[in-house]
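The values are calculated or read from the model by the stated rules, or taken from the named source; none is laboratory data. These numbers were taken from a predicted model, which means no experiment stands behind them. Please note: Cβ atoms are built from the backbone with ideal geometry, for glycine as well, and neighbour counts cover all protein chains shown.
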Amino acid sequence: MELTSEERAIYEWQIWVDGLGESGQERLKSSTALITRVGGLGGPLAQSLAAAGIGKLILAHAGNTRPSDLNRQILQTHDQLGKSRIESCRQRLLDLNPRLEIETVGENVDEGNAARLVTGADIVFDCAPLFEERLLLNRECVRQRKPLVDAAMFDLEGQLTTIIPGQTPCLACLYPEVPPGWKREFPVIGAVSATMANLAALEGIKLLVGFGELLASKLLIFDARSMTFRKISIHRRPGCAVCGALGSTAGENEAG
């Protein structure tokens, strides 16, 4: 998809990035991303992708805006309280980028819609707070061979990895079962959510354009208390019920 003169002007500075260029900007324009749960993580992520010039976003999130959303969900405003959260996301993103195509789904990911949502996307960003949703989305991405960027945070710590089915561990390799005691509500500061969201956006842009080093088979851990980052190697789990039947790319290490 060729860029218009308006788009060349808007993304001029981004096009200067080594490895991106005009051809990379065209790839972004032709790409569709699914973001599940457009809240403290998904909202800033959607905003960054919209600003970067992605062509289409599929946004899935149920419910209305609540007061407790406003400290971190940057696509929500006070006048939106009690109204549809997903429609607020749509309007704020179109205010930023009116060229953006947006498909809104006022539902959270479940067994009934996961396959359909993933089918329409080139890349999936998992921002759900519940492991049940994250593991379901992981299963469907593996089944459809769609790349998945999994971002998560708790308190002042964040984690990020990129899952490429057949090449990297999947989320079920790391979490074969839902961790006991995990709840939807947890300690959070908006700046930590936004940090992980923007790191996830960068990871997705690199993957779609095809430049830079991805967090494939790597888990990035951010500790905001000490302002430190570290990367650890992760491996496919032999016998994984989700990705174990896919086989592995030549040279991949599947040791535990």
When the stretch 109-127 is examined, which residues are found to be in contact (Cβ under 8 Å) with a residue 40 or more places away in the chain and surrounded by fewer than 18 Cβ atoms within 10 Å (Cβ to Cβ)?
-> ASN113, GLY120
Touching a helix residue (DSSP H, G or I) at 6+ places or on another chain (Cβ under 8 Å) and at positive phi - does that describe any residue in the stretch 16-36?
-> yes
Kindly provide the set of residues from the stretch 44-68 that are touching an Asp or Glu at 6+ places or on another chain (Cβ under 9 Å), buried (at least 24 other Cβ atoms within 10 Å of the Cβ) and not in a strand (DSSP E or B), ordered by number.
-> HIS61
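This table checks each residue for (1) among the acidic types (Asp, Glu); (2) buried (at least 18 other Cβ atoms within 10 Å of the Cβ); (3) modelled with pLDDT of 95 or more; (4) touching an Asp or Glu at 6+ places or on another chain (Cβ under 6 Å).
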{"residue": "GLY181", "(1), (2), (3), (4)": "no, no, no, no"}
{"residue": "MET196", "(1), (2), (3), (4)": "no, yes, yes, no"}
{"residue": "ALA201", "(1), (2), (3), (4)": "no, yes, yes, no"}
{"residue": "PHE211", "(1), (2), (3), (4)": "no, no, yes, no"}
{"residue": "MET227", "(1), (2), (3), (4)": "no, no, yes, no"}
{"residue": "VAL242", "(1), (2), (3), (4)": "no, yes, yes, no"}
{"residue": "LEU246", "(1), (2), (3), (4)": "no, no, no, no"}
Search result, residues across the stretch 94-118 that are assigned to a helix (DSSP H, G or I) and not charged (D, E, K, R) | LEU94, LEU96, ALA114, ALA115, LEU117, VAL118
Quick one: in the stretch 1-17, which of the residues that are touching a residue at least 24 places away in the same chain (Cβ under 8 Å) and part of a loop (DSSP other than H, G, I, E, B) is surrounded by the fewest Cβ atoms within 10 Å (Cβ to Cβ)?
-> GLU2
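Per-residue answers, yes or no, for (1) among the polar types (S, T, N, Q); (2) over 16 Å from the mean Cα position of the chain (by Cα):
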{"site": "ASN108", "(1), (2)": "yes, no"}
{"site": "PHE131", "(1), (2)": "no, no"}
{"site": "LEU135", "(1), (2)": "no, no"}
{"site": "ASN138", "(1), (2)": "yes, no"}
{"site": "ALA152", "(1), (2)": "no, no"}
{"site": "THR162", "(1), (2)": "yes, no"}
{"site": "LEU174", "(1), (2)": "no, yes"}
Taking interchain pairs and intrachain pairs at least six residues apart, which have beta carbon atoms under 6 angstrom, with the first residue in the stretch 29-46 and within 11 Å of ALA200 (Cα to Cα) and the second part of a loop (DSSP other than H, G, I, E, B) and not acidic (Asp, Glu)?
-> LEU41/CYS127; GLY42/CYS127; PRO44/ILE74; ALA46/VAL38
State yes or no: is GLY55 at pLDDT 95 or above, closer than 19 Å to LEU137 by Cβ and under 22 Å from the mean Cα position of the chain (by Cα)?
-> no
Could we say that GLU103 is surrounded by fewer than 20 Cβ atoms within 10 Å (Cβ to Cβ) and either closer than 27 Å to ARG230 by Cα or aromatic (Phe, Trp, Tyr) (or both) here?
-> no
Report, by residue number, each residue of the stretch 165-176 that is outside any helix (DSSP H, G or I) and either out of contact with any strand residue (DSSP E or B) (no Cβ under 8 Å at 6 or more places or on another chain) or surrounded by fewer than 22 Cβ atoms within 10 Å (Cβ to Cβ) (or both).
-> PRO165, GLY166, GLN167, TYR175, PRO176
Sole residue being of a type outside the set (Lys, Arg), surrounded by fewer than 16 Cβ atoms within 10 Å (Cβ to Cβ), in contact with a Pro (Cβ under 9 Å, 6 or more places away or on another chain) and free of Cβ contacts under 8 Å to residues at least 60 places away in the same chain, chosen from LEU130, LEU81 | LEU81
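Yes/no matrix, rows are residues, columns are (1) surrounded by 16 or more Cβ atoms within 10 Å (Cβ to Cβ); (2) within 17 Å of PHE125 (Cβ to Cβ); (3) touching a strand residue (DSSP E or B) at 6+ places or on another chain (Cβ under 8 Å); (4) not hydroxyl-bearing (Ser, Thr, Tyr):
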site: LEU148; (1), (2), (3), (4): yes, yes, yes, yes
site: ALA152; (1), (2), (3), (4): yes, yes, yes, yes
site: LEU156; (1), (2), (3), (4): yes, no, yes, yes
site: LEU160; (1), (2), (3), (4): yes, yes, yes, yes
site: ILE163; (1), (2), (3), (4): yes, yes, yes, yes
site: VAL178; (1), (2), (3), (4): no, no, no, yes
site: PRO187; (1), (2), (3), (4): no, no, yes, yes
Residue list for the stretch 193-222, filter: farther than 23 Å from ARG236 by Cα and among the hydroxyl-bearing types (Ser, Thr, Tyr) | SER193, THR195
